[in-house]
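Following: one structure in structure tokens, then a few remarks.
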Amino acid sequence: MGVRYIGAEVKRLEDPKLITGRGRYVDDIHLPAMLHAAFVRSSHAHAKIGDIDVAAAAAVPGVVAVLTAADFGPRMAAAMPQPYAAPVIKQSITQHPLAREEVCYVGETIAVVVAESRPVAEDAAALVAVDYAPLPVMAEFRKALDADAATAHAGASDNLMATLRAQFGDTEAIFASAPHVFRETLSQHRGGCHAMECRGVVASFDPGPDELTIWTSTQAPYLVRRLLAGYLGRDESTLRVAAPDVGGGFGPKAGFYAEEIVLALLAERLQRPVKWIEDRREHFYATTQQRDQFWDVEVAAASDGRILGLRGRCIHDNGAYVPYGVLLPATSLAAFPGPYALACLDIRIDAVFTNMVPNTPVRGAGRPNTAFVLERMADRVARELKIDRAEVRRRSFVRPDQFPYETGMKARDGSPISYDSGSYHACLDRVMAKIGTDFVARQQAARAEGRYLGLGIAAYVEDTGLAPFEGVSIRVLPSGDVVLRTGAASQGQGHATVLAQICAEGLGVRIERIKVEAADTGKFPLGIATVASRVAVTAGSSAQLAAERVRAKALKVAADMLEAAEQDLVIEDGIVHVAGVPEMKVTLGEIARRLAGAPGQPMPAGVEPDLAATAYFEARQTPFANGTNAAEVEVDIETGEVKILRYLVVHDCGRLLNPRLVDGQIVGGVVHGIGNALYERMVYDESGQPLTTNYGEYLLPLATEMPPIEVEHIETPSPLNPLGIKGAGEGGTIPAIATIISAVDDALAPLNVRIAEYPLSPERLLDLIDAAAKAG
Amino acid sequence: MSEKRRISLTVNGKAVEREVETRTHLADFLRHEIGLTGTHVGCEHGVCGACTVLVDGAAVRSCLMLAVQADGAAVTTVEGLARPDGTLHPLQTAFWEHHGLQCGFCTPGMLTSLAAYLEAHPNADEPDIRRAISGNICRCTGYQNIVAAALDAARVMREGR
Ligand code: FES
Ligand code: FES
């Protein structure tokens, strides 16, 4: 056996280039004769557009073209495709790459300016004069379904995008007979993407072979290829889409955007490469967000605090269009019943149109929202029945002896959803042990001094490793170096390292010999997307299978070359030798050379050329990760400031491939959730104008505000894949909001302040404290 | 709108002379005029710190400074942190060892900000370091490993003195 890599804290293969300034992000791509594009975007939330006067812009020296939808004729006649069509979508309205008659949010693309430099393109874009005839604006999603509501789209009969519903058990009967029923309304707002790298696209067209190449800062190059090929009427073989280094994704980079179509058409039309780089202000109104949900829910509980069921309704702000099917609200729905063994559930989500930037998933997607609902209700039951919050959860969780556990929910194909394995009680108990039994005493002592300490806890379950697959190919070169290719894109997670670890161990080579190439349709034929914490599970399992196949092939050929029996051979550090006889050896490079063929030399019998294999592990069922978080906070009731003193995570994502990278995902995810809980709010006024479009107005978590975060793991392997793994990309974010709000609520309990919303700015918290004082 | 001026400066120890538009900011100059794309632009309004470079040893947001203002200055970018023989700066080594980066987009600014800070504050403790990078936004890491890396690098730098 060579070096063990799986489970080891291997340093990342990605880092040497990134710490020395040699990363290659989209804006780092420079092509000869490249032009620069800037977009003219709607300044109205809802309007008809009339004349577009481009004369002044076109006259600016250095401007090459100023184009509207009309200028592209039939090439841009269609609206953008719906990537995730579903019968449940009542109005599948997508935007046009450049608006034709109507604009439905501030920031919607209307025209494009192409110039010799970016500053010139931007200057000229400001000179394009658009004639707007304003229309009534829908900017209050909670009123979107009112009978007299303005419609977000002219001519639409109402603002309903889709109604989703999940039901199991006899909700009526259980709620009628339950000893306790409590009702809450909850307001949730999650904010935007804010990857440190904004979006960007470079498009290049070579008319000779008729080939179009797109580099885009995306999580889903294969989705972009499929939809772009369809829109352009191009064969996929003449379209290459590649994601170079990507500076963070977090969900909104998983979609297909107008700018990708426009840049492709520009490169074809102008026959010069064109680059567009989103600036930060644009990011606030050109990249999808995840804004509001409003929930009205009831929980039914037994007298011992056991949660029996949940019912209620959510209004989900979908923004102006449907760029991403119903995946976001559907993920909120599918995240029920979390870690709880419920007898019944009846939840309806109405997704509505508003005249604001379209909404798509942000890290955790709808799951943090659902965790918030479940955990606020669990806290409510505990408070009303005066039972310890942890105890309510213990009594309500799926028990260890119930796995695999059918939750009552149904998958898209109608099959029952089943939790594969987990450690719900163990994670909770471990968190509570770490908090210690003295918290209440400390809290009381602090209160005596006029200080408000609070403890928050929240548990969660996360569906990971979404079907169907991410493939991996592994190829040994004649040099003995190994090239691993995959369609799965990376935005900082460290997939290259993890896949190389699996490959190195499975094949028997040193990790330094492996080069990983990912997310380029020119290098690997198929891919899905990096979403839903799925890559480690899907691509990781494929890497394992591909490595096994290459290994088997190498052993077969080596046995022939060494005249030894296959079962006597071992592979160590890229060398196949007879066990115990190290001098009877052949290197993987030599085997690769043998399988590369030479004129007149036959292949070894029964072996195909090339020391390589491609595998697509098919993820048929979902591995569910789980965990519990806890936080201690102190609230300053004079300033409304929330200081997080301590944050604990006990987490179970099955077998850990690289604990250091998993911890990095968890901590980063928790901080994202803390941002959602306390800082990030995308504000629009009643006319649909975005008011927070820079980092002075929209606050992100900073190093000074973040607490030390302690992470511990319990490893319950998943039975559903060869490595026993579960995804870890979003588990940090999912419970973090609920944890922080639970802690603030606990801190302010003596003041009768109840928190049913986020984000909680200091101003908002002071208002809540004042209101509670007035209510007496 | 495009008045030009000639500037000369040193970048990572090398003399550079160029004609630049007066409105070009230093980040764009470094990235697009002389091809040093290690310096990143995350906000272009002075908040995220991704564009931080050293100008005569001081950490500066290159999106808020015009290239013409760097006339005569010595500029160090992330590409210039390692020694000419390729030996990494202790901060670079520590970021690698402590998993102090994920997507790597904020990293150049983190490294340059901390390089200047630790040079001036060799005994910095954790709260100092958190304050020192409070003007650098990272969306990926949650800062924890960046702080751990910086503390470790500070130790190595002290020992190397
Ligand atoms: S790009 Fe200069 S501070 Fe953000
Ligand atoms: S590593 Fe991605 S922003 Fe810091």
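Below are the figures for this structure:
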{"read-out": "Shielding by partners - mean other protein chain Cβ count within 10 Å, residues of A:119-132", "value": "1"}
{"read-out": "Solvent-free Debye scattering, log10 I(q)/I(0), computed from the Cα coordinates of chain A at q = 0.05, 0.06, 0.08, 0.11 Å⁻¹", "value": "-0.28, -0.40, -0.71, -1.23"}
{"read-out": "Selection from A:A301, A:V63, A:H577, by position along the positive dipole direction of chain A (Cβ)", "value": "A:H577"}
{"read-out": "Whole-Å semi-axes of the ellipsoid equivalent to the stretch A:681-776 (Cα gyration tensor, √5λ, descending)", "value": "34, 22, 13"}
{"read-out": "Computed [θ] at 222 nm, deg cm²/dmol, the protein assembly as shown (DSSP H ≥ 4; -39,500 (n - 2.57); rounded to nearest 500)", "value": "-8500 deg cm²/dmol"}
{"read-out": "Cα-derived Rg to Rh of the stretch A:99-197, Kirkwood definition", "value": "1.18"}
{"read-out": "Equivalent ellipsoid semi-axes, chain B, via Cα gyration tensor eigenvalues times 5, rooted, Å", "value": "28, 17, 13"}
{"read-out": "Inter-label distance, nm, simple model (7 Å from Cα along the C-beta direction), A:D636/A:E449", "value": "1.5 nm"}
{"read-out": "Within the accessible area of chain A (1.4 Å probe), percent carbon and sulfur", "value": "51 percent"}
{"read-out": "Whole-Hz ³J(HN,Hα) from phi, Karplus 6.51 cos²θ - 1.76 cosθ + 1.60, for the stretch A:491-497, glycine and proline x", "value": "10, x, 6, x, 4, 4, 5"}
{"read-out": "Size of electric dipole in chain A: Cβ of Lys, Arg +1 and of Asp, Glu -1, about Cα centre, debye, nearest 20", "value": "1020 debye"}
{"read-out": "About the Cα centre, charge dipole magnitude for the stretch B:4-80 (Lys/Arg +1, Asp/Glu -1 at Cβ), debye", "value": "80 debye"}
{"read-out": "Kirkwood Rh and Cα Rg combined as Rg/Rh, the stretch A:394-447", "value": "1.25"}
{"read-out": "P(r) of the stretch A:357-509 over all Cα-Cα pairs, binned every 10 Å from zero, in whole percent", "value": "8, 23, 26, 22, 14, 6, 2, 0"}
{"read-out": "For peptides A:408-415, B:25-32, A:152-159, sequence by mean Cβ density within 10 Å, most packed first", "value": "B:25-32, A:152-159, A:408-415"}
{"read-out": "Taking N as its residue count, the alpha carbon Rg of the stretch A:7-91 over 2.2 N^0.38 Å", "value": "1.83"}
{"read-out": "Peptide A:242-248 - average C-beta neighbours from other chains (10 Å radius)", "value": "4"}
{"read-out": "Radius of gyration and Dmax over the Cα atoms of the stretch A:313-392, both given in Å", "value": "14.9, 45"}
{"read-out": "Rule-of-thumb Rg ratio for the stretch A:252-373 [Cα; 2.2 N^0.38 Å; N residues]", "value": "1.42"}
{"read-out": "Probe 1.4 Å - accessible area at B:E3, Å² to nearest ten", "value": "110 Å²"}
{"read-out": "Over chain A, relative contact order from alpha-carbon pairs under 8 Å, at least 6 apart, %", "value": "16 percent"}
{"read-out": "Percent accessible area from carbon and sulfur atoms, the stretch B:110-161, protein chains only, probe 1.4 Å", "value": "48 percent"}
{"read-out": "Paramagnetic reach from A:E101 in the stretch A:72-90 [backbone N under 16 Å; point 7 Å along Cα→Cβ]", "value": "A:77-80"}
{"read-out": "Local electrostatic count, B:A116, Cβ distance below 15 Å [Lys/Arg +1, Asp/Glu -1]", "value": "-1"}
{"read-out": "Overall dimensions of the stretch B:90-159 by Cα: Rg and Dmax, Å", "value": "10.5, 32"}
{"read-out": "Karplus (6.51, -1.76, 1.60) ³J(HN,Hα), θ = phi - 60°, over the stretch A:103-110, in Hz, Gly and Pro reported as x", "value": "10, 10, 7, 5, x, 4, 5, 10"}
{"read-out": "Average beta carbon contacts from partner chains per residue of B:41-53, 10 Å cutoff", "value": "4"}
{"read-out": "Shielded by partner chains, the stretch A:258-283 residues - at least 20 Å² of accessible area, 1.4 Å probe, vs chain alone", "value": "A:R280"}
{"read-out": "The stretch A:1-52 - convex hull of alpha carbons, volume per residue in Å³", "value": "258 Å³"}
{"read-out": "Whole-number D in µm² s⁻¹ for the stretch B:4-80, Kirkwood Cα-pair radius fed into Stokes-Einstein, 20 °C, 1.002 mPa s", "value": "179 µm²/s"}
{"read-out": "Three semi-axes of the equivalent ellipsoid, the stretch A:569-714, Cα gyration tensor, whole Å, largest first", "value": "56, 23, 15"}
{"read-out": "Where B:M65, A:M584 fall by accessible area, highest first, once all protein chains stay in place (1.4 Å)", "value": "A:M584, B:M65"}
{"read-out": "Where a label projected 7 Å from the Cα of A:E548 along Cα→Cβ would reach, residues of the stretch A:716-758 with amide N under 17 Å", "value": "A:718-726"}
{"read-out": "Residues losing 30 Å² or more accessible surface upon assembly, the stretch B:135-151, compared with the chain by itself, 1.4 Å", "value": "B:I137, B:R139, B:C140, B:G142, B:Y143, B:Q144"}
{"read-out": "Ratio of Rg to Rh over the stretch A:180-326 (Cα coordinates, Kirkwood Rh, two decimals)", "value": "1.19"}
{"read-out": "Solvent-accessible area per residue, Å², over the stretch B:90-159 with all protein chains present [probe radius 1.4 Å]", "value": "29 Å²"}
{"read-out": "Local electrostatic count at A:K11 - Lys and Arg +1, Asp and Glu -1, tallied over other residues with Cβ under 13 Å", "value": "-3"}
{"read-out": "Accessible area (Å², per residue) of chain A, counting only protein heavy atoms and a probe of 1.4 Å", "value": "35 Å²"}
{"read-out": "Intensity falloff of the stretch A:214-265 expressed as log10 I(q)/I(0), Debye formula with alpha-carbon point scatterers, at q = 0.14, 0.24 Å⁻¹", "value": "-0.31, -0.88"}
{"read-out": "Residues with amide H under 5 Å from that of A:L611, placed H, sequence gap 5 or more", "value": "A:V476"}
{"read-out": "Length-normalised contact order of chain B in % [C-alpha pairs under 8 Å, at least 6 apart]", "value": "23 percent"}
{"read-out": "Contact order normalised by residue count of the stretch A:490-594, Cα under 8 Å, 6+ apart, percent", "value": "25 percent"}
{"read-out": "Unit charges at the beta carbon, dipole of chain A: most positive-side option, A:C314, A:S761, A:L164", "value": "A:L164"}
{"read-out": "A:R510/A:Q167 FRET efficiency (R0 45 Å; Cβ-Cβ; nearest 0.05)", "value": "0.25"}
{"read-out": "³J(HN,Hα), Karplus 6.51/-1.76/1.60, whole Hz, each residue of the stretch A:67-79, x for Gly, Pro", "value": "10, 10, 4, 4, 5, 8, x, x, 5, 10, 7, 8, 6"}
{"read-out": "Area buried, chain A against chain B - accessible surface, total, 1.4 angstrom probe, square angstrom", "value": "4100 Å²"}
{"read-out": "Length released on extending from A:A441 to A:E686, taking residue separation times 0.36 nm less the Cα-Cα span", "value": "83.5 nm"}
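The values are calculated or read from the model by the stated rules, or taken from the named source; none is laboratory data. It should be emphasised that the depicted structure is a prediction, and the values quoted were computed from it without experimental measurement. Don't worry about glycine lacking a Cβ; one is built from the backbone with ideal geometry, like all the others, and counts go over all protein chains shown. Surface areas here come from the heavy atoms of the whole protein model, side chains and all, with no ligands, DNA or RNA. Shrake-Rupley method; radii C 1.70, N 1.55, O 1.52, S 1.80 Å.
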